[in-house]
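What follows is a set of notes on a single structure, which appears directly below.
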Amino acid sequence: MTRHSRQKETILKILKETNSHPTADWIYSEVRKEIPNVSLGTVYRNLRVLKQEGKVLELDLVGNVTRYDGNHRNHDHFRCEKCGRVFDLNGAVDAGALEMDKKISKRTGFKVLYHRLEFRGFCKDCKSSDFSGGLSG
Ligand SMILES: [Zn+2]
Ligand SMILES: [Zn+2]
């Protein structure tokens, strides 16, 4: 394995082992544990390649730093407005998802490859802390 492909494989492995949708900075610090002399630029370059190869997703969620997702399949996300964590909603909303792509294709004439839904609100942890003290009864 060449040095370059080793860097790429390490990044992909790290992304696949987490479901926290990490930022490039976090990925960088993890890669450095295995390849101490790697640079942040290298990490960005490899992330770009992996994205082009369709192996990772880049999530540009509004008002947030770019996060990366090692799960490249069509899936939806929930973002907590309070702690900023991003959760996968695997299977929670996929009934009819392909139907939706077809419908949009039909109505617009566009070729829909995939779509992504982003749900917003408070996660379980933040939900409870948010309502403690506020609402009574
Ligand atoms: Zn939260
Ligand atoms: Zn995801």
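The values are calculated or read from the model by the stated rules, or taken from the named source; none is laboratory data. Bear in mind the structure is a predicted one, so any value in this text is a computation, not a measurement. Neighbour counts are summed over all protein chains in view; Cβ atoms, including those assigned to glycine, are modelled from backbone coordinates with ideal geometry. Surface areas here come from the heavy atoms of the whole protein model, side chains and all, with no ligands, DNA or RNA. Shrake-Rupley method; radii C 1.70, N 1.55, O 1.52, S 1.80 Å.
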Provide the solvent-accessible area of VAL65, counting protein heavy atoms only and rolling a 1.4 Å probe, rounded to the nearest 10 Å².
90 Å²
Give me the one-decimal nm value for the distance between modelled label points at TYR44 and LYS127, 7 Å along each residue's Cα-to-Cβ direction.
3.8 nm
Using a 7 Å offset from the Cα along the Cα-to-Cβ direction at both ARG120 and THR66, what is the distance between the two label points in nm, to one decimal?
2.2 nm
Roughly speaking, what is the stretch gain from GLU17 to ILE104, that is 0.36 nm per residue apart minus the C-alpha to C-alpha distance, in nm to one decimal?
28.0 nm
What order do PHE122, PHE78, PHE110, PHE87 take when sorted by accessible area (1.4 Å probe), most exposed first?
PHE110, PHE122, PHE87, PHE78
Using θ = phi - 60° and the Karplus curve 6.51 cos²θ - 1.76 cosθ + 1.60, what whole-Hz ³J(HN,Hα) does each residue of the range 12-22 get, with Gly and Pro shown as x?
5, 4, 4, 5, 6, 7, 10, 10, 8, 6, x
Students often get this wrong, so check it: of LYS8/LYS33; LYS16/LYS103; LYS16/LYS51; LYS103/LYS124; LYS13/LYS51, which have C-alpha atoms separated by over 24 Å?
LYS16/LYS103; LYS103/LYS124
Inter-probe distance in nm under a simple model that places probes 7 Å from Cα toward Cβ, at LYS51 and HIS4:
1.9 nm
